[in-house]
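**Q** Mind having a look at this structure? Questions to follow.
The values are calculated or read from the model by the stated rules, or taken from the named source; none is laboratory data. Since the model is a prediction, treat every value here as computed from it, not as a measurement. No Cβ is skipped: glycine too gets one built from the backbone with ideal geometry, and neighbour counts run over all protein chains shown.
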Amino acid sequence: MLEKTGMNACRLIDAESDFLPGLIIDMYDNYLVLEVLSAGAEYHLKDITSALRELFPQHNIYERSDVEVRKKEGLNLRKGVIYGDEPPTEIAISENNGMKILVDIVNGHKTGYYLDQRDNRAALEKYCAGKTVLNCFSYTGGFSLYALRGKAKSVANVDVSARALDTAKRNIVLNHLDPGRVKFIKEDVFQFLRKEKQNGHKYDVIVLDPPKFAESQSQLQKACRGYKDINMLAASLLNEGGYLLTFSCSGHMEPNLFQKVVADAILDAGRTGQIVEYLQQASDHPVATPYPEGLYLKGLVVKVF
């Protein structure tokens, strides 16, 4: 299936949404990367590994069970090779539209990359011709690659990680795009946006792809304040008719609530907007009918006036 799409990376198992609670398996070229998040999945790990070796005999298997949620199940954090070779420092993956991205499965976020944003990165491209683009929480610059391919006038990547920004630079070279149109800014996004507002700077397109603000239902109210704050700042920095691509990956944030928070933020910024596109996770991240929380990634494309 992947050969027909040109991809060499996808999600194979998406936990509850694939009826295997607590188990995530992502493929990056010839590496399978596992996150084992529940006691049940931990109990069956040997059987899972055996099945993967039978189904994917040419693949190495690496574990990234180094997330804090395991402690709630009484499990220790763990990562390392389960089968095969130690992974290289980076693996070059190909998305289904020819874009290549470097992934660090040992130290990168999650299992190495955000495969769920694949379609949304591509969706950005059509909004960027001749535009100034600000990519917030840019990580290794995935959205920026599509902005550049969409003939953006300039792109600014903002992230707190120097390591991620360095990878973003190499991703641009890897895809034969113009590094002269890109700035790399190592800074906290909230602080950066506030300074940009004070300095009167404006952009044509802003991407907000923050980390999860709500890890639990008890954190939802605080998360709403965070989403409202950052979207209000972004809306105030957009030129008339500019586009805001804004996302929430918090499963506890329902789509209608996220839309309301964004709408209130735009209003409080003294602007008005039109939602021109709804975005969500890629199709290899399905939603099981008994588990509506599986629709965790929500995105809006808002034209701001």
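**Q** Scan THR140, THR167 and give me the residue that is of a type in the set (Val, Ile, Thr) and touching a residue at least 60 places away in the same chain (Cβ under 8 Å).
**A** THR167
**Q** Also, quick follow-up: If you check TYR114, TYR127, which single one turns out to be out of contact with any strand residue (DSSP E or B) (no Cβ under 9 Å at 6 or more places or on another chain) and closer than 24 Å to ASN96 by Cβ?
**A** Only one candidate qualifies: TYR114.
**Q** Further, regarding this structure: For the stretch 278-293, enumerate the residues that are surrounded by 12 or more Cβ atoms within 10 Å (Cβ to Cβ) and in a strand (DSSP E or B).
**A** Answer for the stretch 278-293, where residues must be surrounded by 12 or more Cβ atoms within 10 Å (Cβ to Cβ) and in a strand (DSSP E or B): LEU279, GLN280.
**Q** I need the full set of residues from the stretch 39-68 which are closer than 18 Å to THR111 by Cβ, surrounded by fewer than 19 Cβ atoms within 10 Å (Cβ to Cβ) and of a type in the set (Ser, Thr, Tyr), in order please.
**A** If the condition is that a residue be closer than 18 Å to THR111 by Cβ, surrounded by fewer than 19 Cβ atoms within 10 Å (Cβ to Cβ) and of a type in the set (Ser, Thr, Tyr), then THR49 is the only one that fits.
**Q** Return the only residue of TYR227, TYR243 being touching a Phe, Trp or Tyr at 6+ places or on another chain (Cβ under 7 Å) and either part of a helix (DSSP H, G or I) or of a type in the set (A, V, I, L, M) (or both).
**A** TYR227
**Q** Answer with yes or no whether LYS71 is free of Cβ contacts under 8 Å to residues at least 60 places away in the same chain, loosely packed, with under 14 Cβ neighbours inside 10 Å and among the basic types (Lys, Arg).
**A** yes
**Q** Just the residues that are in contact with an Asp or Glu (Cβ under 7 Å, 6 or more places away or on another chain) and either within 26 Å of ARG194 (Cβ to Cβ) or among the aromatic types (Phe, Trp, Tyr) (or both), please, taken from the stretch 148-181.
**A** Once the filter is applied, which keeps residues that are in contact with an Asp or Glu (Cβ under 7 Å, 6 or more places away or on another chain) and either within 26 Å of ARG194 (Cβ to Cβ) or among the aromatic types (Phe, Trp, Tyr) (or both), the stretch 148-181 yields VAL158, VAL160, LEU165.
**Q** Identify, by number, the condition in (1) outside the structural domain of ALA234 (by TED's automatic domain parsing); (2) outside any loop (DSSP other than H, G, I, E, B); (3) more than 30 Å from GLU42 (Cβ to Cβ) that ASN97 doesn't meet.
**A** Condition not satisfied by ASN97: (2).
**Q** Another question, if that's okay. So which residues in the stretch 250-300 are in contact with a Phe, Trp or Tyr (Cβ under 6 Å, 6 or more places away or on another chain) and more than 13 Å from SER17 (Cα to Cα), if there are any at all?
**A** Correct list: SER250, VAL261, THR272, LYS298, GLY299.
**Q** Are any residues in the stretch 117-147 touching a Gly at 6+ places or on another chain (Cβ under 9 Å) and either small (Gly, Ala, Ser) or part of a helix (DSSP H, G or I) (or both), and if so, which ones?
**A** GLN117, ARG118, ASN120, ARG121, ALA123, LEU124, GLU125, LYS126, TYR127, ALA129, listed by residue number.
**Q** Further question: Here is a list of conditions, (1) modelled with pLDDT of 95 or more; (2) surrounded by 21 or more Cβ atoms within 10 Å (Cβ to Cβ), and ALA223 meets all of them except one; can you say which number that is?
**A** ALA223 satisfies all of (1) modelled with pLDDT of 95 or more; (2) surrounded by 21 or more Cβ atoms within 10 Å (Cβ to Cβ) except (1).
**Q** Mind listing just one residue for me: the one in the stretch 183-220 that is surrounded by fewer than 16 Cβ atoms within 10 Å (Cβ to Cβ) and under 17 Å from GLY299 (Cβ atoms) and, of those, modelled with the highest pLDDT?
**A** The extreme case among them is PRO211.
**Q** Out of all the residues in the stretch 136-164, which are under 16 Å from the mean Cα position of the chain (by Cα) and either over 18 Å from ASN97 (Cβ atoms) or of a type in the set (D, E, K, R) (or both)?
**A** Of everything in the stretch 136-164, those that are under 16 Å from the mean Cα position of the chain (by Cα) and either over 18 Å from ASN97 (Cβ atoms) or of a type in the set (D, E, K, R) (or both) turn out to be CYS136, PHE137, SER138, TYR139, ASN157, VAL158, ASP159, VAL160, SER161, ALA164.
**Q** Separate question: So LEU267 passes all but one of these: (1) surrounded by fewer than 16 Cβ atoms within 10 Å (Cβ to Cβ); (2) of a type in the set (A, V, I, L, M, F, W, C); (3) in a loop (DSSP other than H, G, I, E, B). Which condition number does it fail?
**A** (3)
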